[in-house]
Amino acid sequence: MLDLAFVRANLPAIEAALRARNADPALVLGDFLSVDRRRRDAISELEQMKAKQNRLSADIAKKKRAGQPAEDDIHLSTVLKNDMDWVEQSATDADLQVRRILEALPNLPQSAVPVGADEHGNVLVKAWGEKPEFDFAPKSHWELGEALNILDFDRAAKISGSRFVVHYGAGARLERALANFMLDLHTREHGYTEVLPPSVVNSKSLFGTGQLPKFAGDLFHCDDKGPYVAGELQDSDHWLIPTAEVPVTNLFRDETLDESALTINLCAYTPCFRSEAGSYGRDVRGMIRQHQFQKVELVKFTTPHKSNEEHEQLTSDAEDVLQHLGLPYRRMLLCTGDMGFASAKTYDIEVWLPGQGLYREISSCSNFESFQARRANIRYRPAGAKKSEFLHTLNGSGLAIGRTYLAILENYQQSDGTIRVPDALVPYMGGQQYIGPQAPITAGGKV
């Protein structure tokens, strides 16, 4: 969330940033100026009325001590109190309107972010690795997985609906191997501390990271506390997490950290749940756009002067996973029209999928600056300073396990349909170097 005083003083820049993000300033800002003026006028009037009320109270007390009549002053005080109640309610209403406008404002893109309308305006920053060459037509991951009996979309649809998958045998082990490998790499080599957070959060947590109230339709809300009402942030309602970013970032909600504790680097392996609202008809085949998937998330808490440096480091840490696995990828700097609501700057890491002949996002690494910290009230106290400030938060996938899984299937497929296990994963697969056809599950049988 942006600071009210900053928005008030920089309205032309805010409007320009909204247009760069393909948003209509008139729709997002509404009548911000008049509402903000009404709020300030009401607050000022209320303060003057309170001062007058204090003077009347002092006069009434003085007259009573002197045995003088105070009925007129008491009447004026009663009338003033009623007027104050009305003005206070007016100030409260205007304050709520201003807050709703601020909550709907996206973060401001950094100056280094290219201006563009959509993904076609993104800029290639780097490319790594050689795309594999095949002497046969490479297959998609869903063809490979189903032929090997390691992926089962039909039974997943039977038990849960579309956009779910069941993993079997060596395929299930590959998912587990990837999670363990990523966690070990980030904790042992990159200096992150592993966290195992809840997979269910309350609405205040989702507000803190920017998912609520704007993106409620993209989330799974548990109905144990009744339907979600926009704007009502509770401590005891329940949502399935769309990413570990939410619980991990909110670990420090409403806390003030010492500067000496920063930068804090955390990583977490969790399931993620997304309704994929608005994606009807897109990526209906395979594992690209699932309602449930597993992910290792990287989260950083740092100071404002270090956040850009930490953003580069976090992105490199995510890329290191692909380099260890030998998967070709590219890093893209997202333009203003393609970056997320809360982000000030985002790199997308896209992995090459030969079975589909295209690059696919496998990680988004973002610097949110103070946007999330302001919403979640996460502060730090600079060394030697008396006043605390909002710190900066960053996060990125390190990596999305399902998409890494399918990238391995497509990049390491062999002419006979088997999958070679990347060298870095062989120890995590119990020494297994190839994934061949698995025996199908049958009554009384096993994989």
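Tabulated values for the structure
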{"quantity": "Label-point separation in nm, residue 157 to residue 76, each point 7 Å along Cα→Cβ", "calculated": "8.0 nm"}
{"quantity": "The stretch 47-54 - phi-based ³J(HN,Hα) in whole Hz, Karplus 6.51/-1.76/1.60, Gly and Pro as x", "calculated": "5, 5, 5, 5, 5, 5, 4, 5"}
{"quantity": "Normalised contact order of the stretch 343-447, rounded percent, pairs of Cα under 8 Å and 6 or more residues apart", "calculated": "19 percent"}
{"quantity": "For the stretch 104-228, the fraction of alpha-carbon pairs in successive 5 Å shells from zero, as %", "calculated": "2, 7, 8, 9, 12, 16, 20, 16, 7, 2, 1, 0"}
{"quantity": "Carbon plus sulfur fraction of accessible area for the stretch 280-426, probe 1.4 Å, in percent", "calculated": "41 percent"}
{"quantity": "Residues in the stretch 345-376 that a label on residue 137 would reach, taking backbone N under 20 Å of a point 7 Å out along Cα→Cβ", "calculated": "353-359"}
{"quantity": "Under Karplus coefficients 6.51, -1.76 and 1.60, residue-wise ³J(HN,Hα) of the stretch 116-130 in Hz, glycine/proline x", "calculated": "x, 7, 7, 4, 5, x, 5, 10, 6, 9, 7, 10, 9, x, 9"}
{"quantity": "Amide hydrogen neighbours beyond the local backbone of residue 257, cut-off 5 Å, H modeled", "calculated": "379, 380, 381"}
{"quantity": "Difference of contour (0.36 nm per residue) and Cα-Cα distance, residue 54 to residue 289", "calculated": "78.3 nm"}
{"quantity": "Accessible area (Å², per residue) of the stretch 40-139, counting only protein heavy atoms and a probe of 1.4 Å", "calculated": "69 Å²"}
{"quantity": "Share of carbon and sulfur in the accessible heavy-atom surface of the stretch 107-181 [1.4 Å probe, %]", "calculated": "50 percent"}
{"quantity": "Carbon/sulfur fraction of accessible area - the stretch 1-49, other protein chains in place, 1.4 Å, %", "calculated": "54 percent"}
{"quantity": "Where the stretch 326-447 is the region considered: accessible area per residue in Å², 1.4 Å probe", "calculated": "35 Å²"}
{"quantity": "Partner lysines for residue 204 [C-alpha distance under 16 Å; skip if fewer than 8 residues away on the same chain]", "calculated": "214, 225"}
{"quantity": "Sequence-distant aspartates and glutamates (8 or more away, or on other chains) whose Cα lies within less than 13 Å of residue 386", "calculated": "258, 259"}
{"quantity": "Alpha carbon centroid spacing (whole Å) that separates the stretch 118-181 from the stretch 293-329", "calculated": "21 Å"}
{"quantity": "Dipole in debye (nearest 20) - the chain, about Cα centre, beta carbon charges: Lys, Arg +1; Asp, Glu -1", "calculated": "760 debye"}
{"quantity": "The chain, helix-only ellipticity at 222 nm - DSSP H runs n ≥ 4, -39,500 (n - 2.57), divided by all residues, nearest 500", "calculated": "-12000 deg cm²/dmol"}
{"quantity": "Percentage relative contact order, the chain, counting C-alpha pairs under 8 Å, at least six apart", "calculated": "20 percent"}
{"quantity": "Relative contact order (percent, whole number), the stretch 1-91, Cα cutoff 8 Å, 6+ residue spacing", "calculated": "31 percent"}
{"quantity": "Among (1) 25.7; (2) 24.9; (3) 22.5, the entry derived from the coordinates for Kirkwood radius over Cα pairs in Å", "calculated": "(2)"}
{"quantity": "Radius, Kirkwood style, for the stretch 301-359 when every pair of distinct Cα atoms is counted (Å)", "calculated": "13.1 Å"}
{"quantity": "The stretch 295-447: C-alpha gyration tensor shape, a/c 1.5 cut-off, then a/b vs b/c", "calculated": "prolate"}
{"quantity": "Using θ = phi - 60° and Karplus 6.51 cos²θ - 1.76 cosθ + 1.60, couplings along the stretch 290-298 (whole Hz; Gly, Pro as x)", "calculated": "9, 6, 9, 8, 9, 8, 9, 10, 10"}
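The values are calculated or read from the model by the stated rules, or taken from the named source; none is laboratory data. On a predicted model such as this, the values are computed, not experimentally measured, just so you know. Here the Cβ is made from the backbone with ideal geometry for all residues, glycine too, and neighbour counts use every protein chain on show. Keep in mind that these areas ignore ligands, DNA and RNA; they rest on the heavy atoms of the full protein, side chains included. Shrake-Rupley method; radii C 1.70, N 1.55, O 1.52, S 1.80 Å.
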